[in-house]
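These notes are about the structure you will find just below.
Each value in this text was obtained by applying a stated rule to the coordinates, not by laboratory testing. All values derive from a computational prediction rather than experimental measurement. Cβ placement follows ideal geometry from the backbone for every residue including glycine, while neighbour counts extend to all protein chains displayed.
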Amino acid sequence: MNNKIKRYIPQILTLLFVIGLLGFFTFNAQVNMDNRGIDFGFGFLNQESSFDVQFSLIEYSGSHSYARAYLVGLLNTLLVSFISIIFCTILGVIIGVSRLSSNFLIRNSAAWYVEFFRNIPLLLQIFFWYYAALRALPLPEKAAPWFGVTYMTIKGYYIPSFIWNNFDIFLYSILAVIISIFFISSYAKKLRETSGKQIPLFFISLGLLIVLPAISFLIGGVSLDFEIPVLKKLSLTSYTYEGGIGLPPELIALVLALSLYTSTFIAECVRAGIQGVSKGQKEAAASVGLTSNQILKLVIMPQALRIIIPPTTNQYLNLTKNSSLAAAIAYPDLVLVFAGTALMQTGKAIEIVSITMLTYLSISLAIAALMNWYNKKIEIKEK
Amino acid sequence: MINTLIDKKNSNYYYYLLAGIFLFSISILDVVLYSFFKINLTIFLPDILGLFLPLIIGFAGLHLIRIEYSGIKTIDLINKNINTNNFNAFLTLLIIFAIVKAAPPSLSWMIFDANISGDSKEACTGTGACWTYVKVWFRRFMYGMYPNDLHWRINTAFILVIGLGFFGFFLKDSLKKYLALYYVIIYPIIAFLVIYYLISGGAFGLVWVETGAWGGLSLTFIVSFFCLIFCFPLGMILALGRRSNLPMIRYISVGYIEFWRGVPLITVLFMSSVMFPMFLPEDFFMDKLVRVIIAITLFEGAYCAEAIRGGLQSLPRGQYDAAKSLGMGYWKMHIFVILPQALKLVIPGICNTFLALVKDTPLIFVVGLAEIAGMLALAKTNPKWLGFAMEGYIFAAIIFWIICYAMSKYSYNLENKYKTER
């Protein structure tokens, strides 16, 4: 009896405290909103937003709803996170491997790279790229082409856009490649386990990946055109590029800063992962007679990845959250479009800030759940 | 064939070495002369060949030098570290050339062509950096809009707080057992009072300075310091809650921690500026700075809790069992056995959290507090000082880099120390 009370009383008290606190806040919010004549509700999402967004992946103008503006912001956030994740992974792996190089200079340059970019606040890095470095770029009319068809100017980076004909057939061919690779690999695994035979899976997949899309080009009537950006005179002194895709300088600055900053953390994860595989594993694999490629593929990498992937995913998550700093340089991401402009116009502080926070929270929780599932799957099953 | 070549290399290594060093020095000399003095040794060659020639020559030189064991200490060191195989030699050359090429322009911009004299934009005539800008704005970057003649108050407050922080080290041994008590409870209170009364004033004959005037780097320190001392107890409670065996308390703690860890700080700051006023009683006014500090504390408390949980988890189970077998209750066990040991282990973790906190504080700029990033934005748009954004950001970056680097090294050393002690 005594024990039961001891267990229940603190729990009940905590619960009451939390409920009381929430109730206090709700009551205050109710009173405050009544005083200011604001009513709580999500109806505003269907109203016309009547503000413009500079850069949007989907069609959007002032006549669209606030819900659409939310979507524009979310897509922009996901876009910048996605590009940065690709770059920071490539950079991070290179730097992480370099930190273990036998070459003194490479090892130390990689270490200094990590120490340098890790210890400067991300916001300052974004500001540096946006306000200082990118402002030193040439004006559109003075820009020399990079790789012949792309132009890096102070107004952004202009690249050619693709114009696809019969894009769906190309898509089907890619889908067919993925499905066939899946079947072949499961067949190869079965073959290896039952008879010990090995087939060159990698080359077969690569071949399929080249051949099938090529067939779709030759027979399926798929074709690809480029639209190259062309310099156009707007007024006497102002020029711009037309055609192609223009990446705004905000996006470039953000991608640069995010990928340089996050790559240092990923480099550390990669280094820890490779160092975490004990030397004995490699020697044991060699003594069983595996070739050095097989050792890397079948022994080192699976164990290193088990250490590398969880913290790396965490870094991806951090990157996605950090991409909200976009608001500081007016890149139209979720925070700027929705928690900034839309909030200013509607005054629905509680609704908008909670939607924004819940969006980030659900991204985080979804990735965390995925991570837990993955960890369960790859954990060493001890007998 | 190859064997005879290697044998030959072994017996005639001396000549190989001389030739290799000669080629290598030529290649370095060429790059150095070109990038520092604009003297082009390979002017008679076609452009593309002239570009790659030092690389080829240097590569050949390193190839000649390479040998498994030469008996000469320096050469062995070089071979072992930067010249183990062709690929490494190639990368070595690339890195050396990149450094040599990048050094002159950055050095001349930062030092040789730079200006620091004078006190207006006109003093900056060279092509280099204009450090005059940083010099003139220095006080603003450090203290924000705080009145110039009152800066001593900020300085004194910081010196006092730091001094009090070190005070614990000089305690007598008989008082050492109260050390944790001092750092966790007494020190934060004293530090809070010192900063509050010295910097904001309003008592003891000091002039009141409203928080809107605070700014610059000192505001970074104030915000991160307060957040640290407040988020530590919060984190401790949450960490204990998360490890509690009472389900309701555990769920609430987990929910709290995961919620704050899942949202970006910038949305938390937005929340503090637009949602907090809604949640408080209508006639209750709260200063913007206080709201921001509360928001960051709530946010950082979750991270702090995870760091402390790491320390709690790394304690062996035997400690819990031993304490329980002595008949200690939950609180007695934690206060006298678990926390004193765990807190020592979590210092590196807390240090990392604090590092993240310091790096996050420039963000308070988005809710309108003129922290150093805010002061930089203000200075850069000042019509008298247009066009010096680069200098300002580099200056701020250097300051932050020094602080963060020192802190990360400190926490790294602590971690190593505790690793060996256990």
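Tabulated results
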read-out: Contact order normalised by residue count of the stretch B:2-112, Cα under 8 Å, 6+ apart, percent; value: 29 percent
read-out: FRET efficiency for residue A:301 and residue A:163, using Cβ-Cβ distance with R0 set to 60 Å, rounded to 0.05; value: 0.90
read-out: Exposed-loop-free span, longest in chain B, where chymotrypsin sites (Phe, Trp or Tyr not before Pro) count as exposed if DSSP calls them loop and at most 12 other C-beta atoms lie within 10 Å; value: B:286-422
read-out: Cα-based convex hull volume of the protein assembly as shown per residue, rounded to whole Å³; value: 281 Å³
read-out: Förster radius 56 Å - calculated FRET efficiency between residue B:76 and residue A:78, Cβ distance, rounded to 0.05; value: 0.60
read-out: Under 14 Å, Cβ to Cβ, from residue A:315 - net charge with Lys/Arg +1 and Asp/Glu -1; value: +3
read-out: Where labels lie 7 Å past Cα in the beta-carbon direction, separation of residue B:416 and residue A:40 in nm; value: 5.5 nm
read-out: Likely footprinting exposure, B:258, B:391, fewest C-beta neighbours within 10 Å first; value: B:258, B:391
read-out: Cα long-axis angle, helix B:216-242 against chain B (0 to 90 degrees, to the nearest 10); value: 70 degrees
read-out: Spin-label zone in the stretch A:45-67 - amide nitrogen under 17 Å from a point set 7 Å from the Cα of residue A:232 along the C-beta vector; value: A:55-56
read-out: Span from the the stretch A:153-179 Cα centroid across to the the stretch B:361-381 one, whole angstrom; value: 41 Å
read-out: Rough spin-label spacing in nm, given labels placed 7 Å along Cα→Cβ, for residue A:146 and residue B:330; value: 5.9 nm
read-out: Helical segments meeting 18 Å axial Cα length and Kyte-Doolittle 0.0 threshold in chain A (DSSP H); value: A:2-36, A:66-98, A:104-118, A:167-195, A:201-218, A:249-276, A:349-378
read-out: Whole-angstrom gap from the stretch A:212-233 to the stretch A:75-105, using each part's C-alpha centre; value: 30 Å
read-out: Pairs from A:377/B:324; A:282/B:80; A:297/B:344; B:38/B:384; B:332/B:409 whose Cα-Cα separation, in the structure shown, is over 30 Å; value: A:377/B:324; A:297/B:344; B:38/B:384; B:332/B:409
read-out: D_trans [Stokes-Einstein, Kirkwood Rh over alpha-carbon pairs] for the stretch B:1-146, 20 °C, 1.002 mPa s, µm² s⁻¹; value: 115 µm²/s
read-out: Order of A:299, A:18 under a 10 Å beta carbon neighbour criterion, fewest first; value: A:18, A:299
read-out: Kirkwood hydrodynamic radius of chain A, from inverse mean 1/r over distinct Cα pairs, in Å; value: 25.8 Å
read-out: Cα pair count fraction exceeding 26 Å, expressed as % - chain B; value: 70 percent
read-out: Fully extended contour minus Cα-Cα distance, from residue B:283 to residue B:117, at 0.36 nm per residue; value: 54.5 nm
read-out: Most fluctuating residue given options B:370, B:203, B:157, as computed from a GNM of chain B linking Cα atoms under 10 Å; value: B:203
